[in-house]
Each structure stands twice: as structure tokens, then as C-alpha cells.
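Each remark here refers to the structure printed beneath this line.
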Amino acid sequence: MTQEEDIAAEAAEETHGPTHSGFVALIGPTNAGKSTLVNRLVGAKVSIVSHKVQTTRAIVRGIAIHDNAQIVFMDTPGIFKPRRRLDRAMVTSAWGGAKDADLIMLLIDSERGLRGDAEAILEGLKEVQQPKILVLNKIDRVNREDLLALAASANEKIAFERTFMISAENGSGCDDVMDYLAATLPEGPWYYPEDQISDLPMRQLAAEITREKLFLRLHQELPYSSHVETEKWEERKDGSVRIEQVIYVERDSQKKIALGKGGETIKAISTASRKELSEILEQQVHLFLFVKVRENWGDDPERFREMGLDFPK
């Protein structure tokens with residue numbers, strides 16, 4: 001047993017009664033609210049949220065404690081019809097996460113229903129053996145009759161163990177989901193220390209936060225062909241940290257968009273990212289952003305490794 005597992009086991013033993021633990025794969029169409037829900041259930045930001053679909057590129061694990069259970073959420077990329085190499089890697093990652101989990105949570109946007117990608121995902125789930133639950137999100141935007149009809153239609157296609165109706169945005173119904181997961185996951189020791197909320201390295205989380213700010217600022221102008229990497233992380237004697245990150249784009253025109261007139265856009269992105277990183281790290285952050293053009297970075301195996309994705313042939 002590793003030192004990390006020892007710490008986790010000791011923390012679990014301090015609770016009363018048998019402990020439970022397990023992995024829950026959260027899958028669904030793009031922009032169904034998966035990252036918002038994981039952040040809500042974990043109680044902290046572990047996955048980025050933006051207006052853009054397909055913002056989650058690799059599996060991000062968020063770790064929550066509820067009653068005597070440690071629930072490890074696998075926030076997978078949205079499943080959609082892939083068109084590019086990066087798309088294929090993201091969708092493969094999502095289905096791989098589903099097959100590695102103890103339980104699968106299918107999240108459906110109640111407004112969009114079972115149209116498009118949701119229908120295809122239900123078909124794909126028929127080949128997956130793990131127990132599944134259905135979670136209908138954004139219920140505050142749909143009337144009750146339509147919600148009941150949507151739940152009935154989905155359950156006709158897949159034998160879900162339970163159906164939940166929630167709002168990831170305001171938290172309605174989320175406690176019921178957590179109660180169910182805590183009681184359902186198998187008995188066993190916890191996988192992580194009690195105070196750990198993610199297994200995402202801090203350098204990668206910092207890059208994800210900057211990528212979120214980039215998309216929030218430029219969700220109309222900048223396509224998905226942008227990527228952020230943390231190249232330097234230096235802890236300074238005064239207790240602050242110096243972080244250098246590179247935003248990779250594919251064309252000079254995209255670089256101009258990311259920089260903005262007189263550097264206004266990149267400064268705004270840097271300010272927003274630095275503020276959030278300072279709050280998370282609880283120390284002063286000196287953040288330096290650079291924008292570089294790297295044509296066809298979406299075909300570079302090294303970039304895929306940086307994102308935690310397998311490079312599709």
C-alpha cells in the first residue's frame with residue numbers, strides 16, 4: 001500500500017461504520033452541464049465551464065466525501081460525432097472512462113431531450129455492462145409533464161437503476177444523487193486522502209483555468225483549435241509563485257484575436273486567470289501568458305499527451 005493509500009485508509013477508519021468508495025463516470029452530450037455538475041457535487045472547481053461545447057477534453061477526476069463514502073467522479077468529454085483527430089480522441093476517452101467506472105451517470109439536458117447525440121449515446125450504452133442511472137439536468141427550464149415524458153422515453157431504451165431530476169446550476173436535487181451514490185457504491189477503503197478534491201496536477205489545473213478564461217472571453221471568435229500549457233512553475237522566496245503559460249493557436253489571425261488590440265484581450269484573460277489561481281493556491285500569483293502559432297498542433301502526439309489523451313492513429 002502506498003503512503004497516499006495509507007493516509008486515505010486512516011482517514012476512512014476515523015468515520016463510523018463501513019466505508020464505501022468507487023468511480024462514477026459522468027457521460028452525456030456536449031454542453032449537458034457535466035462539468036458544472038461535477039464542480040457542484042465536489043464543492044469546488046475541478047473542471048472548466050464555458051459557453052463552448054467540448055471544453056472538457058480529457059477525463060478529470062473530482063473527489064467528494066458524502067457520509068461514509070468517497071465518490072470519485074470522472075468528468076468525461078462530451079460525446080458527439082467526431083470530425084477531427086482531437087474529436088476522436090475525446091470521444092474515445094469518454095467511452096473508455098465509462099467502461100472503467102463502477103457506475104455510469106448519464107446526464108441529459110432536459111431542454112434538448114433525446115435529440116441528436118443523446119440518442120446515439122443511449123444506443124452505445126446498451127453495450128456497457130455497468131449499472132447506470134439517468135440524471136435529467138436543467139429541470140427548472142422545463143415543465144413537469146415534459147420531464148416525466150422524457151424520463152419515460154429514456155427508460156424505455158435503457159434499464160436505468162434510478163432516475164434523478166436536478167439543476168446543476170442551483171443544486172436542486174443534487175443531495176438525492178449524492179445520497180444514492182454513497183449508499184450504492186461498494187464497501188471498501190477510500191482511494192484518496194480525505195482533503196484531496198482532484199487528482200489533476202496543479203500545473204494542468206492552472207492551464208485549464210486559463211483555457212476557461214480564454215473561452216469565456218472569446219467563445220464567439222476563437223475556434224477549438226487553441227490549447228494552453230503551463231511551461232514554467234517557480235515557487236519564490238517571498239511565498240508567491242511565478243507561472244508561465246503558452247496559448248497555442250493554429251493561425252496568425254487567431255493569435256491577433258487572442259492578443260486583442262494593444263494586448264487588451266490577453267491582459268483581461270491573464271487578470272481573470274491570475275485572480276482565480278491566487279484564490280485556489282492561497283498565495284500571490286505572477287502569471288505570464290504568451291501566444292504562439294503552431295500550425296496543425298491538433299496532429300501533434302505530444303500535445304495529446306499534454307492533454308491526457310491517447311493519440312488516435
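The values are calculated or read from the model by the stated rules, or taken from the named source; none is laboratory data. In this text the structure is predicted, and so the values were computed from the model without any measurement. Positions of Cβ are generated from backbone atoms using ideal geometry, with glycine treated the same way; all protein chains shown enter the neighbour counts. Remember, those area values only see protein heavy atoms, side chains included, never the ligands or the DNA or RNA. Shrake-Rupley method; radii C 1.70, N 1.55, O 1.52, S 1.80 Å.
Determine, yes or no, whether R203 is touching a strand residue (DSSP E or B) at 6+ places or on another chain (Cβ under 9 Å), assigned to a helix (DSSP H, G or I), open to solvent by less than 80 Å² (accessible area, probe 1.4 Å) and at pLDDT below 90. First the steps, then the outcome.
Values: touching a strand residue (DSSP E or B) at 6+ places or on another chain (Cβ under 9 Å): yes; assigned to a helix (DSSP H, G or I): yes; open to solvent by less than 80 Å² (accessible area, probe 1.4 Å): no; at pLDDT below 90: yes.
Here the answer is no, as R203 does not meet what is asked.
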Working only within the stretch 223-240, note down all residues that are at pLDDT below 85 and surrounded by fewer than 20 Cβ atoms within 10 Å (Cβ to Cβ).
P223, Y224, S225
Is at least one residue of the stretch 141-160 part of a loop (DSSP other than H, G, I, E, B) and either closer than 30 Å to K232 by Cβ or acidic (D, E) (or both)?
no
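Filter the stretch 33-48 for residues that are at pLDDT below 80, of a type outside the set (S, T, N, Q) and buried (at least 19 other Cβ atoms within 10 Å of the Cβ) and give the result. So that I can check it myself, show each step before the final result.
Step one: filter the stretch 33-48 for residues at pLDDT below 80, giving 44-48.
Checking the rest, the ones that are also of a type outside the set (S, T, N, Q) come to 44-46, 48.
Selection gives K45, V46, I48.
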The residue that is most open to solvent (accessible area, probe 1.4 Å), considering only those in the stretch 259-294 that are within 21 Å of the chain's Cα centre (by Cα) and not small (G, A, S), is K275
Need the failing condition index for Q220 against (1) open to solvent by 10 Å² or more (accessible area, probe 1.4 Å); (2) at pLDDT below 95; (3) farther than 30 Å from G260 by Cα, just the number.
(3)
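For (1) buried (at least 20 other Cβ atoms within 10 Å of the Cβ); (2) without any contact (Cβ under 8 Å) to a residue 24 or more places away in the chain; (3) of a type in the set (K, R), each residue gets a yes or a no:
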| position | (1), (2), (3) |
| --- | --- |
| A101 | yes, no, no |
| I104 | yes, no, no |
| R112 | no, no, yes |
| R115 | no, yes, yes |
| E119 | no, yes, no |
| G124 | no, no, no |
| V135 | yes, no, no |
Whether any residue in the stretch 165-176 is in contact with a helix residue (DSSP H, G or I) (Cβ under 9 Å, 6 or more places away or on another chain), farther than 18 Å from A64 by Cα and not in a loop (DSSP other than H, G, I, E, B) is what I want to check.
yes
Kindly establish whether L150 is closer than 23 Å to T36 by Cβ and without any contact (Cβ under 8 Å) to a residue 60 or more places away in the chain.
yes
Restricting the stretch 192-234 to residues that are under 14 Å from I266 (Cα atoms) and polar (S, T, N, Q), the residue that is nearest to the chain's Cα centre (by Cα):
T210
In the stretch 169-200, how many residues are open to solvent by 60 Å² or more (accessible area, probe 1.4 Å), among the aliphatic types (A, V, I, L, M) and over 30 Å from D140 (Cα atoms)?
0
